[in-house]
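Where a number appears in this text, it was derived from the coordinates with a stated rule and is not lab data. Keep in mind that this is a model prediction, so the values were computed, not measured. As a convention, Cβ positions derive from the backbone with ideal geometry for all residues, glycine included, and neighbour counts pool all protein chains shown.
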Ligand code: PLP
């Protein structure tokens, strides 16, 4: 008889014990933290790694020959190697450490796109992007005479891939797509998009901010050119992140910031720069943050992407089932493949009023435009509420959220 492979099952109560903040109460109620797409909570191992760095290893990187300097450098470079393995980059040297996705995308905008763009060129993005994947393109487009085009989505919140492909015309010099929508949870078919871009010789940037917290990512298999991630949404400290890029791009990109750490030799008659990735890392980085990010990556490794994904999908289905029973509740984003991000509105109630009242019940959700104005315009609403779940959430928390929603609905309507 063949040995049956047992699917790994996530023990949510054990996992929760690793997150000290989940134990707290707010307004006298147990916290239900459903704002994970905004920023995730941190396990003790991450918090302790940051604390340990400052207590035992604190020094600057790449400058000192003393032991502490070597330890700090090892922690920082170790995070680069761990991140490279985490997203299956071919080499750690293809991973530029940044303060987060916003910096990663701006690096590509200023260093890769701006020198190449000219009047008549275009950058293609989509209607569902976070402002971080729109505004940098608008800025470099305005400077170069290029334009930014946005591919449409349908009512379910799915990218209309045929239209995206039809918009990959010869004027398009760069395409920029989110892997997972921060508002709708939609998972975009990045491999297919990358294939179409490559056929036409158009480089593709993928915003992976909302993907890496939920699924295993393999940047080489995806076939994109640039992949941006942010540490604080994936259990890591704020102010950490990365840009993975194909080596050939990093080689041709001029530095974005100038300063210490990114040079080979500085002379008034001509400065030479370090090799990538250090060429893009001027100044003192968030060393303690990256020491923490290493622990975040290790945490995901222990958890297992399959177990995490299975549990999150179960939670999503459970939440959807119960939300469907609430009269007047409209969910934005019903993609076939989605991560546990639920945007919604209750007929007759303002999103902010609802979020404020939910907070008084202990439920933390986000209300507003979620840094996605064009998406709000597409749906014709100024704001939504967003409940974004993580692997450490429970069905009991979904129940508490639904009960709180029904209670505040009565108060408002
Ligand atoms: N892209 C997406 C899809 C996001 O959800 C976010 C954060 O909300 C960002 C980019 C910006 O990330 P950061 O502010 O960490 O740079």
message: Let's test the formula: R0 of 45 Å, r as the Cβ-Cβ distance of residue 406 and residue 142. What FRET efficiency results, to the nearest 0.05?
response: 0.40
- request: Any chance you could list P(r) for the stretch 1-104, counting all Cα-Cα pairs in 10 angstrom bins from zero, rounded to whole %?
  value: 11, 26, 32, 21, 9, 1
task: Divide the volume of the convex hull of the Cα atoms of the stretch 336-392 by its number of residues and quote the answer in cubic angstrom per residue.
output: 103
- prompt: Percent relative contact order of the stretch 273-389, based on C-alpha pairs within less than 8 angstrom and at least six residues apart?
  reply: 21
query: Kirkwood hydrodynamic radius of the chain from all distinct Cα pairs, in Å?
result: 22.5
- request: Would you mind checking the radius of gyration and Dmax of the stretch 32-158 based on alpha-carbon positions, in Å?
  value: 19.7, 59
query: Roughly what angle does helix 287-303 make with the longest principal axis of the chain, taking Cα atoms, 0 to 90 degrees, to the nearest 10?
result: 50
message: Nearest 10 degrees is fine. How inclined is helix 395-412 to the longest principal axis of the chain, computing both from alpha carbons?
response: 70
- request: In a Gaussian network model over the chain where Cα atoms closer than 10 Å are linked, find which of 177, 219, 12 has the largest mean-square fluctuation.
  value: 12
task: Using a Förster distance of 41 angstrom, determine the FRET efficiency expected from the C-beta separation of residue 156 and residue 218, and round it to 0.05.
output: 0.95
- request: May I ask you to order 103-111, 36-44, 311-319 by the average number of other C-beta atoms within 10 Å around their residues, highest value first?
  value: 103-111, 36-44, 311-319
- request: Sum -39500 (n - 2.57) across every DSSP H segment of at least 4 residues in the chain, then divide by the residue count to get the 222 nm mean residue ellipticity, nearest 500.
  value: -10500 deg cm²/dmol
statement: Taking every C-alpha to C-alpha distance in the stretch 311-413 and binning by 10 Å from 0, the per-bin percentages run 15, 51, 32, 3
- request: For residue 381 and residue 77, compute 0.36 nm times the residue count separating them, minus their Cα-Cα distance, and round to one decimal in nm.
  value: 105.0 nm
query: Which angle from 0 to 90°, rounded to the nearest 10, does the C-alpha axis of helix 351-360 make with the longest principal axis of the chain?
result: 80
message: Please rank 67, 406, 345, fewest neighbouring Cβ atoms within 10 Å first, as an exposure proxy.
response: 67, 406, 345
- request: Whole Å is fine, so just give me how far the alpha carbon centre of the stretch 275-302 lies from that of the stretch 325-377.
  value: 33
